[in-house]
Amino acid sequence: MIEGFIALYIFMLAAFTGYEIIGRVPAILHTPLMSGSNFVHGIVLVGAMVALGTAETVLAQVIGFLGVVLGAGNAAGGYVVTERMLEMFKSSKEDA
Amino acid sequence: MEAILAWEHIGTVVNAAYFVAAFLFILGLKRMSSPKTARVGILWAGAGMVVATLVTFVHPKLAGEVTNTNYILMLLAIAIGGIPAWISGRKVPMTDMPQMVALYNGMGGGAAACIAAVVLYGGGEQYTTTIMVLAVLGGIIGAVAFSGSLIAFAKLQGLITKTWRFPGQNFLNMALMAVIAVAGAQVVLASGDAGMAVITTFFVMALILGVTITVPIGGADMPVVISLYNALTGLAVAFEGFVIDNAAMIIAGTVVGAAGTMLTQLMANAMNRPLSNVLFGAFGSAEEGAPGEEGGTMKEIQASDAGVMMAYAEKVIVVPGYGMAVAQAQHKVWELCKMLIEKGVDVKFAIHPVAGRMPGHMNVLLAEAGVPYDHIYDLDEINSEFEKADVSLVIGANDVVNPVARTNPDSPIYGMPILNADKAKNVIVVKRGQGTGFSGIQNALFTLDNTQMLYGDGQEVANKLLQTVKEY
């Protein structure tokens, strides 16, 4: 179990990390980055898997199942879309 | 006893794997923030996701509790959710990327809300008040991000074309929030005994709120809204991570929440629209209002004349807009530019921060056409160069080159930073017809003395220009 204040510290440090990452990004990468961060919160999949795995009632199974479906969609779709966008970033010095 | 020990070890392995995943996410996002390393970045983040997902199958919480049925359900759900998303993500054309991001983001928010629902319906007696509060907050945010993102998707996809506005709108949202707050408080205070009815009311109201917030927002503001929901989903994921004690979710969710908030702010600044305006103001209500200073007449030019003008120019700046992408003209435009470059013309692309349907969307579309990113310039980099340019070729862009944003304080876009295409010696505007832009505002650029209109489909026009330039 992550204790209250430790959790708060994690939250604070992660928030600063997030700000720092975006701070100096050129505008051309805004869309891929939005898409990339959209992929990263697909980690919600693992939480949904635990929720489904520990489900004891039919209701919990149904909701958990829906959660995993949605989480998997977020992760898979987010990855493909981001990868496709970034694939296209080449400078004229590189060859296609 | 032995079995328990073994599971404890596995617990360490799982936590270590989550740590690695969190590290890879941060590293990946960091790499994605520079064009040179961006392509590696998504691979790192992807590896993190695979690691985290795989070890979750042996998560200690599942030890002994998980039934075979639940394992089968897990695999089935991953296939049902993941495979169609993967395939649709592969197939979707680049112009439709923003709505796909909205869709996948909504799914993430929905998943977070589902975790909250499992916890809350399951009874909260084993949780502290703090955890219950976080579960409830994550539930609201996730549900709002879910239904809101789906509306955003439907709007950009053209499934919803109307923008509903009515007088009591903000009041309705306020009332909904009050109901959600009361129901949420009841859920927390009853700690597990709130009853199905209250919890269900709570979730249904949160879903409705997402719809009522998003429906009145016009298409032009959608990118900011999608970015906001992206940040909110991150936050919901972080909260639910606290609830189910999952460090990877806390870190990844918080990083996205913070990064997304920052990105939303950058976008809102780029459009010169405070976030509160986007959410609670009515941009489109100006549609019927001041049509701007009309009166001048538009002059037409033929493609052959325009082509000659560009072929003999020293410096040409291309200002592409979403219209170019809709006409799928970016490839032809780049061919045209390559031809001009061969003839010794200095060609640059000027990109407004909100060209396309998301900030940076136009860069993606140009990159798809093979335009190297070192030919592409931001608003700040290029604006001083227009004065030295012989021709600015505006193709499919409208509001982002409208000089009334500089000159007319009554205009709804007044104050928005624009590309100074009008400062070039000659302005050629390629346009399908005489309509107005996304915001419905008349464009004063079209009637300037140095502006000539080149009517036609973007791809055809680019082709004709290419033929003309080839001959000279």
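The values are calculated or read from the model by the stated rules, or taken from the named source; none is laboratory data. This is a predicted model, so every value here is computed, not measured. Using ideal geometry, Cβ is built from the backbone for each residue, glycine included, and neighbour counts are taken over all protein chains shown.
Looking across the stretch B:21-37, the residues that are of a type in the set (Ser, Thr, Tyr) and either more than 8 Å from chain A (Cβ to nearest Cβ) or surrounded by fewer than 18 Cβ atoms within 10 Å (Cβ to Cβ) (or both) come down to B:SER34, B:THR37.
The residue of the stretch B:257-290 that is nearest to the other protein chains (Cβ to nearest Cβ), among those that are more than 14 Å from the chain's Cα centre (by Cα) and at pLDDT 80 or above, is B:ALA258.
Go through the stretch B:245-263 and give me each residue that's hydroxyl-bearing (Ser, Thr, Tyr) and crowded, with 24+ Cβ neighbours inside 10 Å.
B:THR254
For the structure I just gave you, tell me whether B:LEU103 is touching a residue at least 12 places away in the same chain (Cβ under 8 Å), aliphatic (A, V, I, L, M), more than 9 Å from chain A (Cβ to nearest Cβ) and surrounded by 22 or more Cβ atoms within 10 Å (Cβ to Cβ). No, not satisfied. Within the stretch B:184-204, the residues that satisfy the criterion of being in a helix (DSSP H, G or I) and surrounded by 16 or more Cβ atoms within 10 Å (Cβ to Cβ) are B:GLY184, B:GLN186, B:VAL187, B:VAL188, B:VAL198, B:ILE199, B:THR201, B:PHE202, B:PHE203.
Candidates in the stretch B:38-87 are the residues that are of a type in the set (Ser, Thr, Tyr), more than 7 Å from chain A (Cβ to nearest Cβ) and part of a helix (DSSP H, G or I); of these, the one that is surrounded by the fewest Cβ atoms within 10 Å (Cβ to Cβ) is B:THR69.
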